[in-house]
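The values are calculated or read from the model by the stated rules, or taken from the named source; none is laboratory data. Because the structure is a prediction, the values reported are computed rather than measured. Note: ideal-geometry Cβ built from the backbone for every residue, glycine included; neighbour counts use all protein chains shown. Note: areas computed on protein heavy atoms with side chains; ligands, DNA, RNA excluded. Shrake-Rupley method; radii C 1.70, N 1.55, O 1.52, S 1.80 Å.
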Amino acid sequence: MLTKADLNHQTTKWYDRAPLIGAALGAVALWVVARLIEPDQGVVLTVGIVIVGIALGTAVGWLAGLAARRRAQSEVKLLTVVETAAAAVVFLELFWVFYKQVITSITWPSAKQRIPFPQIDVVTGPALEVGGVTIQRSAIFTVAALAVCAVLLWVFINRTRLGRGMQAVSQDPDTARLMGINVDRIIVVAFALGAVLAAIAGVSQGFQNNNIDFRMGFLAGLKAFTAAVLGGIGNVWGAVVGGLVLGVVEALATQYIPGQFGGGSWKDVWAFVILILVLVFRPQGLLGARVVDRA
């Protein structure tokens with residue numbers, strides 16, 4: 001027996017939404033075929049396509065509802081089917097207008113072309129001379145951003161309820177779920193936090209290199225992993241120390257190793273040599289990894 005149950009209820013299945021799915025697909029199919037035949041259409045023809053799309057979508061949705069009627073547990077009103085078909089075709093038409101008027105008028109840069117990064121005088125101005133040592137302002141910004149982000153991340157992980165929940169989920173997600181922790185929310189927060197930190201790192205690297213391109217994050221990501229392993233997986237301060245040690249090793253190798261194994265072209269090689277040595281002789285990292293004992 002059909003009931004007017006909420007379609008968002010957990011007992012409903014896909015066939016309860018069959019009329020809505022059919023209405024949307026029918027309207028979209030007609031609109032796509034019409035645009036493939038004639039991309040540039042007048043106002044009258046556009047209105048006709050919208051009306052026919054609504055009619056066709058409604059018919060397809062009604063037929064889909066009849067086909068799934070035996071298994072359906074909820075009833076979808078005909079007016080809802082019409083609204084779904086209308087919303088689908090009108091949304092596509094509005095998107096098409098927006099695409100032609102706005103998106104196609106923008107001059108998009110080449111994906112393989114290096115793009116100049118915006119410059120800020122305070123951060124990217126002339127280098128500073130301190131005791132005969134030249135220090136780039138972008139390097140000062142990077143170190144300051146590192147210190148601030150490290151402190152805030154440590155406080156968040158160890159002093160907030162959400163951060164402690166994140167630690168619990170990383171140790172045992174099933175037990176954390178039984179303790180009332182929203183594991184899905186913790187995962188979303190972890191990904192969002194990682195994106196924020198990656199954005200800060202990207203801005204810092206843009207200030208330092210003055211240009212950005214689509215490949216700039218690959219080697220930086222590899223070195224970030226190397227720094228995390230070097231300092232100790234799961235240890236915030238270990239990652240900071242690992243990154244600093246990695247940078248110092250690269251600078252010293254570039255400056256003081258003579259012959260064909262020195263210079264800037266070999267700095268990445270020495271960075272991964274350090275990673276291999278740490279994995280062989282001290283796999284837990286310089287400051288030790290956080291190891292979880294499970295019963």
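What to note about this one:
- Residue in region 98-121 that is surrounded by 11 or more Cβ atoms within 10 Å (Cβ to Cβ), under 25 Å from the mean Cα position of the chain (by Cα) and small (G, A, S) present: no
- Restricting region 18-62 to residues that are crowded, with 20+ Cβ neighbours inside 10 Å and not aliphatic (A, V, I, L, M), the residue that is farthest from K100 (Cα to Cα): P19
- Filter result for V291 (at pLDDT 80 or above and either of a type outside the set (K, R) or assigned to a helix (DSSP H, G or I) (or both)): no
Listed here are the residues, each with its yes/no results for (1) among the polar types (S, T, N, Q); (2) part of a helix (DSSP H, G or I); (3) at pLDDT 90 or above; (4) surrounded by fewer than 16 Cβ atoms within 10 Å (Cβ to Cβ).
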residue: P126; (1), (2), (3), (4): no, no, no, yes
residue: V148; (1), (2), (3), (4): no, yes, yes, yes
residue: W154; (1), (2), (3), (4): no, yes, yes, yes
residue: V169; (1), (2), (3), (4): no, yes, yes, no
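- Candidates I187, I135, filtered to the one that is touching a Leu at 6+ places or on another chain (Cβ under 9 Å) and surrounded by fewer than 14 Cβ atoms within 10 Å (Cβ to Cβ): I135
- Some residue of region 39-61 being of a type in the set (D, E, K, R), more than 34 Å from the chain's Cα centre (by Cα) and modelled with pLDDT under 85: yes
- From V280, V241, V273, V269, residue being open to solvent by 80 Å² or more (accessible area, probe 1.4 Å), in a helix (DSSP H, G or I) and at pLDDT 80 or above: V280
- Test: residue in region 212-221 that is surrounded by fewer than 14 Cβ atoms within 10 Å (Cβ to Cβ), on the phi > 0 side of the Ramachandran plot and at pLDDT below 85: no
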